[in-house]
Amino acid sequence: MRMTATGRLHFQREVDAFLAESGLSPSRFSREATGDPGFVRHLRMGIPQIGPVRIARARAYMREWRQ
């Protein structure tokens, strides 16, 4: 299932807030969280290949980092 434009924007804001909070670079976060160094770049560009599995991995990474 693809993410809606509103859902993508909400997730992008979530990631951007995390990057500001953590001080991680977008590529480091992308690589460590999803294994794809271009994940944040693709998210910001609106590339549709960002599926629910990678989003779940990114959210799990952010959750674990905050603990």
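Positive end of the dipole of the chain (Cβ unit charges, origin at the Cα centre): among 55, 4, 22, the Cα lying farthest that way belongs to 4. For region 9-19, 3J(HN,Hα) computed residue by residue from phi via the Karplus equation (6.51, -1.76, 1.60; θ = phi - 60°) reads 5, 4, 5, 4, 5, 4, 5, 4, 5, 5, 4 Hz, glycine and proline entered as x. From the Kirkwood radius over Cα pairs of the chain, Stokes-Einstein at 20 °C and 1.002 mPa s returns a whole-number translational diffusion coefficient of 182 µm²/s. With neighbour counts taken as other beta-carbon atoms within 10 Å, the residues 4, 34 rank, fewest first, as 4, 34.
Shown here for the chain: trypsin sites (Lys or Arg not before Pro) in loop regions (DSSP other than H, G, I, E, B) with at most 13 other Cβ atoms within 10 Å, namely 2.
Read the figures in this text as sums done on the coordinates, not as results from a lab. What you are looking at is a predicted structure, and each value in this text was computed from that prediction instead of being measured. Cβ atoms come from the backbone with ideal geometry, glycine included; neighbour counts cover every protein chain shown.
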